[in-house]
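Have a look at this one.
A short reminder: the numbers here are calculations on the coordinates, not readings from a lab. Because the structure is predicted, anything quoted here is derived from the model rather than measured. Don't worry about glycine lacking a Cβ; one is built from the backbone with ideal geometry, like all the others, and counts go over all protein chains shown.
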Amino acid sequence: MRAALCQIDTILGNKDRNIIKINHHIDKAIFEQCQLAVFPELAVTGYGLRDLVYDVGIDSNSEIFNQLKEKSRKIDILLGYVEHDSGYFYNSAVYISDGEIVYNYRKNFLPDYGMFEEGRYFTAGDYVETINTKFGRVSVLICEDMFHISAQNVALKNNTDILIILSASPFWMDSSSIKPTLWHSVASNFARLSGSYVLFANRVGFEDGVGFFGGSFVMNPSGIIIKEAELFKEELIISEFDTNDIKRAKWAMPGLKNEVLDYDYR
Amino acid sequence: MIIDKLKLDCSIVSKYLIEFVKQEIVKTGLKKAVLGLSGGIDSSLAAYIAKEALGKENVYGIMMPYRSSSKDSLNDAMKVVEDTGINYKIFEITKPADAYINSFDKMSNLRKGNVFARLRMITLFDHSSEYSALVVGTSNKTELLLGYGTWYGDMASCLNPIGDLYKNQIYQLSRYFNLPKSILEKKPSADLWVGQSDEDELGFSYDDADVILYHLFDLRFSVDEVAALGFDKELVEAIANRVRKNQFKRLPPIIAKISKRTINIDFRYLRDWGL
């Protein structure tokens, strides 16, 4: 499988110009013969929307996706946007394939602590689904979801082959930790325990001083990063990997086989 | 050493701050920066970052001495200009400052210091218009938290790359950027009057302030917990009070709410709206 992670910056609240950039990256990914192009969380709108949420929310059937649907006959596309449904707003992602939106995912865990305000504006989705794609069983999580074991647990139970994380993860560091390393550690934990590939598509750019760090990566089922983007700069990275690694990893450590799926400690 | 908790990965942080200055300016449609160069470590470091971000031809360092300002300060600022190759201008504020100050019978050092800082602010923002540039701020986290600066004076800027770095971290990054030795080694001073020293005036050392502030606010330690690290409880309390009393300096003016959408209360947009 050949996948493109499109580590872009966005213009805050300007869907039209962001979609132009997204289309440009898809064209490049098609030209490079990729089968999947992944964009970050809220790639259509930017992240720090605050009251702009009400202006940029769109229906999942919006004509904004028409051009992408056309292109999806050549390449599968996954990207984040603000979904508006009957007065409520969701931090969502669409998976587009063969001319159609085959999956719409609503972020389950909306951070509302520290610098985050998602809980103020968005309504949370209430389930994680795993979909069958040309490349295997794909689970999609959006940023904060990955820091919740319960969301990872659903992806594990569903026997995920490829976990894709869309992110707008801000940079911070102190003397004992640094944000990119935190992501490596959380992702490698899941990759190893589930025997799956993990694709992490993070954005770059600054919004009022908050810098999204990028560092998008493809990680194999051994928890090793096989392709990684630069920090702080726009980049399209392409990674080609053997999906047979997934079954081999699961043979080597069949975690799910002995899992107690409704395990509940009392 | 407890101060080691403030250790930075200078390689990553410098890249990050260079991108911050570059991207936050370029997205506004501009490409230049203007900043006040005092010869002190904060504004010197900001100049090195701005030069890396925008190129030396797009950065303007303005030196704005008063009659009583130390000559060493100006010399050190010139070393920064020579080393970075940025554009520079010396605008002495003595005349406009004296014109203002002399229209009063007497004026305290504090008032004078504020007049100097605000005249420098006027000069920087005026030149930002002249050069189509943004004003890069040079206040560090220690002084912002302590409120050790002039509201709408040296605290005013368009964007500030070093405002989340404690003084100790400013030194780490300045050593990383190889700033001139005389700047790294001299005692910090606002140089608002002859012989002024930050640490004498504040009554505590920057390292102590950094460690206390870091534990109080970054790590959310209580006053007692910070005192238990080996600090005088009265000092910790005094610093915590200083931070609280100066909160107003870190915010725009408050607005009386009348409507259902009041600016900055429930009319909420980032400054980078549409950028």
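Name the residues whose placed amide hydrogens come within less than 5 Å of the amide hydrogen of B:Tyr60, ignoring near sequence neighbours (fewer than 5 apart) on the same chain.
Amide H neighbours of B:Tyr60: B:Ala33, B:Val34, B:Leu35.
Same structure again: Where a Cα-Cα gap under 19 Å defines reach, which aspartates and glutamates qualify for B:Lys79, not counting those fewer than 8 residues away within the same chain?
Output for B:Lys79: B:Asp42, B:Glu52, B:Glu57, B:Glu92, B:Glu185, B:Asp191.
To the nearest Å, what is the center-to-center distance of the range A:144-163 and the range B:110-166, using C-alpha atoms only?
If you average the Cα positions of each part, the centres end up 47 Å apart.
Using DSSP to call loops (not H, G, I, E or B), can you name the chymotrypsin sites (Phe, Trp or Tyr not before Pro) in the range B:69-136 whose Cβ has at most 12 other Cβ atoms within 10 angstrom?
When the chymotrypsin sites (Phe, Trp or Tyr not before Pro) of the range B:69-136 are filtered for loop state and at most 12 Cβ neighbours within 10 Å, B:Phe104 remain.
Any aspartates and glutamates with Cα under 16 Å of the B:Lys106 Cα? List them, leaving off those in the same chain fewer than 8 positions away.
Filter leaves B:Asp98.
Ok, one more. What does the charge add up to near A:Phe122, with Lys and Arg as +1, Asp and Glu as -1, over the other residues with Cβ less than 12 Å from its Cβ?
-3
Using only C-alpha positions, report the orientation-averaged shadow area of the convex hull of the protein assembly as shown, nm², one decimal.
29.7 nm²
Out of residues 5 or more away from A:Val204 or on other chains, whose amide H comes under 5 Å of its own, with H placed 1.01 Å from N in the peptide plane?
For A:Val204, the qualifying residues are A:Ile8, A:Asp9.
Rounded to whole Hz and in sequence order, give me ³J(HN,Hα) for the range A:88-95 from the Karplus expression 6.51 cos²θ - 1.76 cosθ + 1.60, θ = phi - 60°, writing x for Gly and Pro.
Coupling constants for the range A:88-95: 10, 10, 10, 8, 10, 9, 10, 9 Hz.
Suppose only helical runs count, i.e. DSSP H with n ≥ 4. What mean residue ellipticity at 222 nm does that imply for chain B under -39500 (n - 2.57) per run, divided by all residues and rounded to the nearest 500 deg cm²/dmol?
For chain B, the value works out to -14000 deg cm²/dmol.
Past 32 Å, Cα to Cα, is the threshold; run B:Lys141/B:Lys257; A:Lys28/B:Lys56; B:Lys51/B:Lys95; A:Lys233/B:Lys167; A:Lys179/B:Lys233; A:Lys21/B:Lys51 against it and keep the listed order.
A:Lys28/B:Lys56; A:Lys179/B:Lys233
If you build a Gaussian network model of chain B, linking Cα atoms that sit under 10 Å apart, which residue out of B:Asp232, B:Asp105, B:Asp42 swings the most?
Result: B:Asp105 has the largest fluctuation of those listed.
Check which residues have an amide H placed less than 5 Å from B:Leu275's amide H, if you skip close sequence neighbours.
Residues meeting the criterion, in which the H sits 1.01 Å from N, are A:Leu12.
Which residue fluctuates most in the GNM of chain B (Cα springs below 10 Å): B:Gly85, B:Gly40, B:Gly195?
Looking only at B:Gly85, B:Gly40, B:Gly195, the largest GNM fluctuation is found for B:Gly195.
Now for a different question. Assuming R0 = 56 Å, what is the FRET efficiency of B:Asn75 and A:Tyr263, from their Cβ-Cβ distance, to the nearest 0.05?
Here the calculated transfer efficiency is 0.20.
How big is the charge dipole of chain B about its Cα centre, in debye rounded to the nearest 20, if each Lys and Arg gets +1 on its Cβ and each Asp and Glu gets -1 on its Cβ?
Approximately 1040 debye in magnitude.
Could you name the aspartates and glutamates in cross-link range of A:Lys247, using Cα to Cα under 19 Å and dropping any fewer than eight places away on the same chain?
Correct list for A:Lys247: A:Asp161, A:Glu259.
Now, a different point. I'd like the trypsin sites (Lys or Arg not before Pro) in the range B:235-275 restricted to DSSP loop residues with at most 13 other Cβ atoms within 10 Å, sorted by number.
B:Lys257, B:Lys260, B:Arg261
Calculate one ³J(HN,Hα) per residue across the range B:64-69 by plugging θ = phi - 60° into the Karplus curve 6.51 cos²θ - 1.76 cosθ + 1.60, and present them in order as whole Hz with x for glycine and proline.
With the stated coefficients, the range B:64-69 comes to 10, x, 9, 3, 8, 5 Hz.
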